[in-house]
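Asks: I have a structure I would like to understand better, so I am pasting it below and will then ask my questions one at a time.
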Amino acid sequence: MEAKMDLLGGAAQYDICRACGGAQSNRIRDALDRWIYPAVRPDGKRVSLLKVLQTNVCENDCFYCTNRAGYDTPRASFTPDELARLFMELVQRRRVQGLFLSSGVYGRSGQAMERMLATVELVRRRYAYRGYVHLKIMPGAQDAAVEQAVRLADRVSLNLEAPTPERLARITHSKELHNQLLTPLRRAAALARERAGRVTLTTQFVVGAADESDSELLQSVQSLYHNLGLARAYYSAFQPLAHTPLEEHAPTPTWREHRLYQADFLLRCYGFAIDELVYSPEGNLPRACDPKEMWAVNHPEVFPIELNTAPESQLLRVPGIGPVTAKRLVARRRDGKVRDLQQVAAAGGSAARAAPYVLLDGHRPAYQMALWQADAPGV
Ligand code: SF4
């Protein structure tokens, strides 16, 4: 059983289940709990998840993946009974507070999905487990399977991997974006809406594998946020694996993944419109500067912004001021004026980054070099 867990836990590492970044570096890997990952639940609570594949048998051919059909790799599968029991043992030992279950695709996804659903049914019914479950929906999943997934899980996800049909065709011949991926995702979105927020929906992209631009990715993501009520998109920088068709393809630098998360955050939490993001002529976010600062540099007519009178939506346009800081500054103004940059830092913002863009009671703040060292970077 341990060898099987090693194989199927290892194979699950490329799915991202937490707020940001690659899962590999944060994996808790010791003798007992090799495939337990720290994660952030949709409600913000930090938990440890058992992250595992039901099977790494797969009939698809994704060019970046070592589980694809025909690849010479050891294969294994859990029966629903085995996996449900193993997970519940970890729950009872208080080693995990949730399950992240994915799978290779076989039986035109129907059988793979059936087995995953059977596992979660056992966990919910036989063991009466009420905790967190994140369940992958397989490409091409039928409506009934999607409905069961949404009924059983707290979060469901379906990885789109690429933003357009043309880009997807560059990294697989066995998936089709509209019928196999977007149709079940739309069905899941409609059902999630009926459940009024009790289940959330996410997706993931393999960044750079299909030579897509950041603009293509973010256009697709914006449409998913707007039309499907997607909770989050995750970005996974492509890394070539030996003996896969893309082994010669250049890896995607992790700074690109980071910039995409920053731009995504602007769309979801800062009120930015998709056409406000600034790209290079090739449609990519700049490496040298975060997307919010890039927007600010390109819009000198908006600045400086008076911290004592600007509405919250305008404060959010200032580099170094995020949603929490903007709210705190607005609340702070009820007790008196914001007169120095240390009050921005005390509210959780980056005073050094905000300094060139703000007025404090009508005056430009003195540039405070010391704060450069004290502040953490970020959007
Ligand atoms: S569907 Fe694609 S990415 Fe998923 S396991 Fe199969 S080959 Fe790998």
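Asks: Kindly indicate whether any position in region 185-195 is touching a helix residue (DSSP H, G or I) at 6+ places or on another chain (Cβ under 9 Å), closer than 17 Å to Ala84 by Cβ and assigned by TED's automatic domain parsing to the domain that holds Leu228.
Replies: Within region 185-195 (the criterion being touching a helix residue (DSSP H, G or I) at 6+ places or on another chain (Cβ under 9 Å), closer than 17 Å to Ala84 by Cβ and assigned by TED's automatic domain parsing to the domain that holds Leu228), the answer is no, since none of the residues qualifies.
Asks: Output the residues belonging to region 190-201 that are within 15 Å of Leu224 (Cα to Cα) and crowded, with 20+ Cβ neighbours inside 10 Å.
Replies: Answer for region 190-201, where residues must be within 15 Å of Leu224 (Cα to Cα) and crowded, with 20+ Cβ neighbours inside 10 Å: Ala192, Thr200, Leu201.
Asks: Give region 290-319 a look and list any residue that's open to solvent by less than 30 Å² (accessible area, probe 1.4 Å), part of a loop (DSSP other than H, G, I, E, B) and under 30 Å from Asp211 (Cβ atoms), or say none.
Replies: Within region 290-319, just Asp290 meets the criteria.
Asks: Let me ask you something else. Could you count how many residues in region 67-93 are over 19 Å from Arg124 (Cβ atoms), open to solvent by 40 Å² or more (accessible area, probe 1.4 Å) and of a type outside the set (Gly, Ala, Ser)?
Replies: 5
Asks: Output the number of residues of region 94-110 satisfying the condition of being within 16 Å of the ligand (Cβ to nearest atom) and surrounded by fewer than 17 Cβ atoms within 10 Å (Cβ to Cβ).
Replies: Our first condition is that a residue be within 16 Å of the ligand (Cβ to nearest atom); within region 94-110, this holds for 100-110.
Then drop every residue that is not surrounded by fewer than 17 Cβ atoms within 10 Å (Cβ to Cβ), which leaves 107-108, 110.
The total comes to 3.
Asks: For residues in region 53-66 being assigned to a loop (DSSP other than H, G, I, E, B) and farther than 21 Å from Ala209 by Cβ, which is least open to solvent (accessible area, probe 1.4 Å)? Reasoning before the result, please.
Replies: Initially, region 53-66 is screened for residues assigned to a loop (DSSP other than H, G, I, E, B), giving 54, 56-66.
Checking which are farther than 21 Å from Ala209 by Cβ leaves us with 54, 57.
Details: Gln54: 2, Val57: 59 Å².
Once the filter is applied, the top-ranked residue is Gln54.
The values are calculated or read from the model by the stated rules, or taken from the named source; none is laboratory data. Remember, predicted model here, so these are calculated numbers, not experimental data. Cβ sites come from the backbone with ideal geometry, for glycine too, and all protein chains shown count toward neighbours. Side chains included, ligands, DNA and RNA excluded: accessible areas come from the protein's heavy atoms. Shrake-Rupley method; radii C 1.70, N 1.55, O 1.52, S 1.80 Å.
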